[in-house]
Amino acid sequence: MNSVKQVEYSLADLRYRLQNHPLYQNLKDIRDVEIFMKNHVYAVWDFMSLLKGLQMCLTSVKVPWLPTENSKLARFINEIVVAEESDVNEEGEPQSHFQMYIDAMRQIGAGTDQIERLIKLIRQGHGVSDGLDNISINSKVAAFVRHTFSIINSQQPHLIASAFTFGREDVIPDMFIEILDQSDWENTKYNKLRYYLKRHIELDGDDHGPLSLMMIEELCGNDNQKWTEVQKVAQESLQHRINLWDAINQKLEERKRTTELV
């Protein structure tokens, strides 16, 4: 068994728990999507920091410029950065996927005040951890973000690549589209979210997965210690994703109980 297969084998149980999480059964209508987005937006935001962390490690972003050691990886990361940081929105205007998500939240009625407060605090010079301490956020959601930045702050490319490659798997888009088909079949009320999901599916096609695994292989090579560390970070990242799903699912179940009492 090669090293990538060994890592994937070690993740089988965590992936099963994630893919069969009760969260998916509790996403029933557009108000459930609203609750999901208010909590999931932090993962959309910190994904960009994972990506930019890889860009800093694998490309030349300093002056004077120096040639990179692996142009194939540099191209891969730069292509994803272009798509995630400056894609074209449903109106044909350049926009990051994070901002598309924020706009979709506003259209759907999900409050954005807390994530925007976090961004403002960081712009003002606060650290991520301090910013999280000064907003209203579920503890498991905050722990998810803190874990992401602990990996980024390691400045170890193979660790960041592990969280990026193995820690961000979900099957939410298809489920969201089913709900949108039921709630807005004419695509007039929630077109921003539908467009975001469409782009998400298009960009996460057949290329990114294999290239991400290639990135891990190139960064680890025959270094057994690095492969061990990649496996550990992958397991931790998936567990934090499960914890994030647990937190959101708890909010969905609370809404369900409240609705049943009315």
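How many angstrom lie between the Cα centre of the stretch 223-255 and the Cα centre of the stretch 50-73?
The two parts, judged by their Cα centres, are 27 Å apart.
Going from most exposed to least, what order do MET48, MET37 have by accessible area with a 1.4 Å probe?
Greatest to least solvent exposure: MET48, MET37.
Leaving out ligands, DNA and RNA, and with a 1.4 Å probe, what % of the accessible surface on the chain is carbon or sulfur?
Result for the chain: 49 percent of the exposed heavy-atom area is carbon or sulfur.
Over the alpha-carbon set of the stretch 55-180, work out the extent along each principal axis and list the three values in angstrom, largest first.
That works out to 46, 36, 28 Å along the principal axes.
In Å, what Rg and Dmax follow from the Cα atoms of the chain?
So, for the chain, Rg and Dmax equal 18.8, 64 Å respectively.
With a 1.4 Å probe and all protein chains left in place, how much accessible area per residue does the stretch 1-85 have, in Å²?
Each residue of the stretch 1-85 exposes 54 Å² on average to a 1.4 Å probe.
Could you calculate, for the stretch 12-109, the ratio of the Cα radius of gyration to the Kirkwood radius, expressed as Rg to Rh?
1.09
What does a probe at GLU217 reach in the stretch 1-28, counting residues whose amide N is under 11 Å from the point 7 Å along Cα→Cβ?
Residues 2-5 qualify, since their backbone N sits under 11 Å from the label point.
The values are calculated or read from the model by the stated rules, or taken from the named source; none is laboratory data. Here the structure is a predicted model, which is why all the values come from computation and not from measurement. Every residue, glycine as well, gets a Cβ built from its backbone with ideal geometry; the counts of neighbours run over all protein chains shown. Side chains included, ligands, DNA and RNA excluded: accessible areas come from the protein's heavy atoms. Shrake-Rupley method; radii C 1.70, N 1.55, O 1.52, S 1.80 Å.
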